[in-house]
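The next block holds one structure in the form of structure tokens; read it before the comments.
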Amino acid sequence: MFLTLKLNRNLSFPALVFFLLAAGLSVLLVHNLTGGQTVAAQTQAPRLVIDAGHGGVDGGAISIGGAKESHINLDIALRMEKLAQFYGCDPLMTRREDRGAMDYGAGEYSEHRELVRRSELANAVPDSVLISVHQNNYPTAQPKGAQVLYAPGEDSRALGLLAQSNLIRFLDPDNRRVATPGGNIYLLTHAAGPAILVECGFMSNFEELEKLLKADYQISLAAVLTGTYFQYVHGVSLT
């Protein structure tokens with residue numbers, strides 16, 4: 001079954017991003033004409049896995065003003081979790097606090113071990129869709145715009161193209177970046193199911209960083225990414 005929903009171009013910005021989530025919910029409410037059961041009751045959708053990147057001692061990129069990538073990633077990931085839960089989903093989080101995915105003693109931190117552990121957590125779910133939240137950085141302030149990197153395989157590519165399209169359509173129509181293969185990114189090359197890594201914006205671009213630090217923009221990002229998950233697993237087309 002494939003459900004098509006028509007967008008009203010005059011909707012306000014918040015209404016547009018949350019429309020994505022409404023699209024996902026609408027599929028769950030469609031009843032089987034013969035049995036009266038919901039689609040969700042008939043087929044179990046792949047579980048959403050939300051990865052917030054490194055945490056704790058490894059804060060990722062740090063802006064000129066001292067903002068840490070790990071904090072922004074976690075804020076967006078936790079908002080995604082809340083939105084998914086609101087719609088009846090139970091996502092798996094690779095971290096929910098400003099700490100790594102495993103405990104380390106003094107001087108014991110290893111980026112590779114951290115990547116391996118996060119990959120193990122994600123792959124512990126036998127049927128899953130992984131969305132890893134990150135921020136970009138560059139030596140100069142000019143580059144901006146969200147970009148999606150996807151894991152090998154057609155399923156991941158389809159998810160990546162959908163996420164990039166939604167980020168542009170609902171958040172930044174002037175963004176000319178395209179979804180691309182993730183190359184040698186460990187979390188993507190070792191993903192057991194469809195997986196994408198989303199660079200939500202450039203912390204080195206002052207205008208974009210200002211947005212990334214604001215709660216309303218984080219909510220919008222979370223809504224688009226969570227809505228993309230619903231679209232992908234339930235076959236919802238927005239026109």
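Just so you know, all these numbers are worked out from the coordinates, no wet-lab data involved. The shown structure was predicted, so the numbers you read here are calculated from the model rather than taken from an experiment. Because the Cβ atoms are built from the backbone with ideal geometry, glycine has one as well, and the counts that use them run over all protein chains shown.
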| Given H placed 1.01 Å from N in the peptide plane, which residues other than close sequence neighbours of ASN136 have an amide H under 5 Å from its amide H? | CYS200, GLY201, PHE202, MET203
| To the nearest 0.05, how large is the calculated FRET efficiency for VAL116 and SER165 if R₀ is 35 Å and r is the Cβ-Cβ distance? | 0.65
| said: Whole-Hz ³J(HN,Hα) for each residue in region 74-79, computed from phi via Karplus 6.51 cos²θ - 1.76 cosθ + 1.60 with θ = phi - 60°, x for glycine and proline: what do you get? | reply: 5, 4, 5, 4, 5, 5
| Fewest-first sequence of ARG117, ARG176 by Cβ atoms within 10 Å of each Cβ | ARG176, ARG117
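Suppose every Lys and Arg Cβ carries +1 and every Asp and Glu Cβ carries -1, with no other charges. What dipole size does region 113-239 come out with about its Cα centre, to the nearest 20 debye?
Dipole of region 113-239, to the nearest 20 debye: 100 debye.
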| request: In whole Hz, with x marking every Gly and Pro, tabulate ³J(HN,Hα) for region 133-148 from phi via Karplus 6.51 cos²θ - 1.76 cosθ + 1.60, θ = phi - 60°. | output: 9, 9, 10, 8, 8, 8, x, 10, 8, 6, x, 7, x, 6, 8, 10
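Express in nm, to one decimal, how much length is gained between ASP172 and ASP155 on full extension, taking 0.36 nm for each residue of separation and deducting their alpha carbon distance.
3.7 nm
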| message | From the phi angles alone, apply the Karplus equation (6.51, -1.76, 1.60; θ = phi - 60°) to region 161-172 and give each ³J(HN,Hα) in whole Hz, x where the residue is Gly or Pro. | response | 5, 5, 4, 4, 4, 5, 4, 6, 5, 9, 10, 8
| Likely footprinting exposure, VAL178, VAL224, fewest C-beta neighbours within 10 Å first | VAL178, VAL224
| request: State, to one decimal in nm, how far the label point of ALA124 lies from the label point of SER237, with both points 7 Å from Cα in the Cβ direction. | output: 3.9
| Total formal charge among the other residues, if their Cβ is under 13 angstrom from that of ASP75, Lys/Arg +1 and Asp/Glu -1 | +2
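Can you sort VAL236, VAL133 so the residue with the fewest Cβ neighbours within 10 Å comes first? Please report the intermediate quantities before stating the final value.
Details: VAL236 21, VAL133 26.
Ordered by Cβ neighbours within 10 Å, fewest first: VAL236, VAL133.
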